[in-house]
Amino acid sequence: MSEKAHVGDMLVSSGIINEDQRAKALRLSQESRVSFGDALLKLGFCDEDSIAIAYSKLLGLPYASRENRILKVERSQNLDKLISEDYAREHLILPLFLDDKILAIAMVDPDNIMLRDNLRIMTGCEIQPFVTTKTQIIKVIDDFYQAGGTKLIEQTINKDAAAAAAAPQVLDEVGAAAAERIDLDQSRAAIGDDQVVNFVNAVLKQAVAERCSDIHLENYDERVILRFRIDGILYERMSPPQKAFMAIVSRIKILSSLDIAERRLPQDGQFSLKVQNRPIDVRVSICPTVYGEKVVMRLLDKAAVDLNIDKLGFDARQKQDFLAASQMPHGLIFLTGPTGSGKTTTLYSVLNTIRTPALNFMTIEDPVEIKVEGLNQVQVRANIGLTFAAALRSFLRQDPDVILVGEVRDQETAQTCLRAALTGHLVLSTLHTNDALSSVVRLIDLGIEPFLLSSSLLLTAAQRLVRVLCPACKVPYKPSPQELEVCFKESLLPNPPNPQSVTFYKKRGCEKCIRTGYIGRRALYEVYRINEQMREVIYKYGGDLSRLKAIAAQSGMWNMRASGWRKVLEGTTTTEEVLGSTTLE
């Protein structure tokens with residue numbers, strides 16, 4: 001039974017509404033996509049207080065109103081410093097009192113778990129919700145913040161800025177420059193504002209707590225959007241007021257050592273912080289858009305990086321082939337996949353496995369994301385001529401045994417990698433292609449002669465990331481015969497399991513996985529170790545994909561879709577994740 005029906009039952013049992021009224025309210029709620037309480041109010045069947053009291057009984061939470069004198073803020077505790085007026089108005093919440101790190105908050109929607117989690121992270125306190133009504137909380141917010149509260153940015157906005165905002169849209173050069181100066185002055189004045197600093201800190205802490213990999217902050221015509229990328233998917237979070245946007249961007253620029261006066265060109269920077277004694281590296285990218293600047297912050301949690309090849313997602317055969325190729329004294333290994341698919345982590349895990357003091361390891365990357373002792377890592381600096389190709393030429397005079405090249409982007413880098421492989425070095429690198437064997441075609445397109453490639457290429461692989469089901473809440477189910485038929489056909493298993501013993505899983509969502517149903521991601525791989533038949537095809541036919549794939553299948557190697565179905569059979573992920581991340585060949 002739905003929560004709406006529970007509240008309706010409580011109101012019916014209390015004699016506040018009857019069965020017919022409950023049915024009409026439920027129907028209106030479903031048709032108009034409004035809450036059950038709003039439907040009751042719109043139909044005039046009961047008042048706000050009755051609905052709030054019913055919710056408080058249903059949820060087992062205290063009811064706060066001005067009449068029972070609970071909806072009253074403890075002014076001496078400076079609670080306006082914990083929660084700004086804009087945030088309180090936007091989410092219809094009000095801090096009541098603070099007692100031993102427990103913050104009592106009146107809420108119109110106390111069952112909003114995400115809002116409560118955000119408040120806990122922002123304030124650093126455990127949240128004790130109280131149920132109240134929209135009308136009552138708005139009046140108390142007016143009284144509290146007008147008397148002793150503060151606003152997020154209005155302290156920094158002066159009359160000149162207001163005049164600039166009201167000015168005509170079409171400006172001449174002098175007018176545009178003046179408006180630019182006013183905006184910049186506002187930004188500089190707001191940088192030190194405690195509310196802005198607290199907001200940026202709270203966003204970073206919340207992002208780390210939610211296992212976020214990227215923070216997106218975007219300004220639009222009417223509002224600001226804050227989104228977190230968690231396990232590869234963007235989720236919208238509580239956004240700041242639009243008038244705070246410029247000050248927040250300026251604060252991020254200051255942290256990243258960027259120019260706060262430059263708003264016309266893209267800028268890149270970085271900074272580091274510690275959250276609960278965990279070192280976090282933050283890479284910042286700022287790009288100008290028609291509505292202002294878009295900020296993307298990529299978070300790298302050094303403590304979360306585990307360079308253990310057994311935890312990546314390789315099947316036994318794939319791991320064996322990859323390690324066998326990486327232990328060869330010379331040759332080329334290429335890993336392909338889109339940006340953010342975990343290629344760097346895979347290659348570093350391989351290097352970490354074969355690392356030994358007897359070998360000289362050198363890497364050239366843009367940027368260096370993971371710092372590992374025992375590897376000589378070089379950062380690309382194109383502005384001074386330190387490119388991938390230039391660094392590689394230098395490496396060959398450093399007596400390397402193993403070379404990692406972050407990415408092959410051009411002909412010069414590809415040819416330098418090939419020369420290094422042909423002169424007794426093991427070279428690992430990445431490419432952007434749709435699948436593993438397409439890297440052969442890509443390298444030939446970059447000017448590598450087929451006869452040289454056939455003699456130097458050891459292995460080519462590709463990877464994609466799929467989300468891992470939360471072990472605490474995943475739900476088992478028996479797949480349909482049609483689903484099993486597709487699974488057994490596309491998994492390319494030589495000995496499929498008994499259909500009666502197969503169990504699939506789907507997501508549900510709980511507190512542990514932040515209601516997403518997933519925790520973390522695992523890689524799907526296709527790994528092709530180049531054998532003599534493949535070398536002959538590359539040499540004679542310049543990398544005919546259909547021939548290469550046929551030989552790989554005959555040799556017992558399998559594609560990425562097959563790897564995905566095997567993860568489904570293991571109970572690691574869902575069919576939706578596999579079908580959305582892979583293509584059928």
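The values are calculated or read from the model by the stated rules, or taken from the named source; none is laboratory data. In this text, all values refer to a predicted model and were calculated from it rather than measured experimentally. When we count neighbours, we look across all protein chains shown, and the Cβ atoms used for this are built from the backbone with ideal geometry, even at glycine. To get the accessible areas, we keep the full protein, side chains included, count just its heavy atoms, and leave off ligands, DNA and RNA. Shrake-Rupley method; radii C 1.70, N 1.55, O 1.52, S 1.80 Å.
Taking the alpha carbon gyration tensor of region 383-537, multiplying each eigenvalue by 5 and rooting it gives semi-axes of 42, 22, 12 Å, largest first. What residues from region 252-270 fall in the zone where the backbone N is under 18 Å from a label point 7 Å along the Cα-to-C-beta line of E90? Only 252 pass the distance filter.
Can you tell me what share of the DSSP beta bridges in the chain is antiparallel? A percent to the nearest 5 is fine. Let's see the in-between values first.
Numbers: 55 of 86 bridges.
About 65 percent, rounded to the nearest 5.
Per-residue packing, averaged as other Cβ atoms within 10 Å, sorts the ranges 217-229, 121-133, 240-252 into the order 240-252, 121-133, 217-229, beginning with the highest. Spin-label pair N360-Q128: with each label point 7 Å from Cα along the Cα-Cβ axis, the two points sit 6.7 nm from one another. What is the calculated FRET efficiency for E570 to N383, with r their C-beta to C-beta distance and R₀ = 41 Å, to the nearest 0.05? Here the calculated transfer efficiency is 0.30. Sorting the segments 425-437, 512-524 by their mean number of nearby beta carbons within 10 angstrom, highest to lowest, gives 425-437, 512-524. Projecting the Cα atoms of N352, C212, A436 onto the charge dipole of the chain (Cβ charges, centred on the Cα centre) puts N352 farthest toward the positive pole. If R0 equals 25 Å, the separation of the Cβ atoms of K274 and K311 corresponds to a calculated FRET efficiency of about 0.50. The charge dipole of region 454-544, taken about the Cα centre with unit charges on the Cβ atoms of Lys, Arg (+1) and Asp, Glu (-1), comes to about 680 debye, rounded to the nearest 20.
Net length available on complete extension from L265 to Y539 is 94.0 nm, with 0.36 nm assigned per residue and the Cα-Cα distance removed.
Counting only aspartates and glutamates at least 8 places from K507 when in the same chain, those with an alpha carbon closer than 13 Å to its own are E576, E577.
Our estimate of slack between K506 and T339, defined as 0.36 nm per intervening residue step minus the Cα-Cα distance, is 57.4 nm.
Between the residues C513, M560, N531, the greatest Cα displacement towards the positive end of the dipole of region 505-585, with unit charges on the Cβ of Lys, Arg, Asp and Glu, is found for C513. Its Cα centre serving as origin, region 267-332 has a Cβ charge dipole (Lys and Arg +1, Asp and Glu -1) of approximately 140 debye.
Looking at the square roots a ≥ b ≥ c of the eigenvalues of the Cα gyration tensor of region 219-289, which shape do they give, rounded for a/c under 1.5, prolate if a/b is larger than b/c, or oblate?
Working: a/c = 1.71, a/b = 1.10, b/c = 1.56.
Because a/c hits 1.5 or more and a/b fails to exceed b/c, region 219-289 counts as oblate.
Rolling a 1.4 angstrom probe over the chain with all protein chains present gives an accessible area of which 49% lies on carbon and sulfur atoms. Mean projected area of the convex hull spanned by the Cα atoms of region 198-354, taken over all viewing directions: 11.6 nm². Among the cysteines of the chain, those with no neighbouring cysteine Cβ under 4.7 Å are C46, C125, C212, C287, C417, C487. Specify which residue in the list Y87, T363, P266 is farthest towards the positive end of the charge dipole of the chain, using unit charges on the beta carbon of Lys, Arg (+1) and Asp, Glu (-1), about the Cα centre. The one lying farthest along the dipole's positive direction is T363. Do any of K57/K205; K478/K549; K319/K371; K24/K57; K274/K311 go past 28 Å between their Cα atoms, and which? Violating the 28 Å Cα-Cα cut-off are K57/K205; K478/K549. If I fit a long axis through the Cα atoms of helix 19-32 and take the longest principal axis of the Cα atoms of the chain, what angle between them do I get, 0 to 90°, rounded to 10? Here the helix axis deviates by roughly 50 degrees. Dipole size of the chain about its Cα centre, with +1 on Lys/Arg Cβ and -1 on Asp/Glu Cβ: approximately 1180 debye, rounded to the nearest 20.
Modelled this way, with points 7 Å down the Cα-to-C-beta line, the labels at V34 and E373 are 6.4 nm from one another.
Of all DSSP beta bridges located in region 5-128, what percent are antiparallel, nearest 5? Spell out each step's value before the answer.
On the way: 6 of 9 bridges.
About 65 percent, rounded to the nearest 5.
Note that the chain presents 49 Å² accessible area per residue, ligands and nucleic acids not counted, probe 1.4 Å.
Between 0 and 90 degrees, the angle of helix 532-541 with respect to the longest Cα principal axis of the chain falls at about 90 degrees.
How high is the FRET efficiency between R27 and A304 when r is their beta carbon distance and R₀ equals 30 Å, given to the nearest 0.05? Mind dumping the intermediate values first?
On the way: r = 48 Å, r/R0 = 1.60.
The computed FRET efficiency comes out at 0.05.
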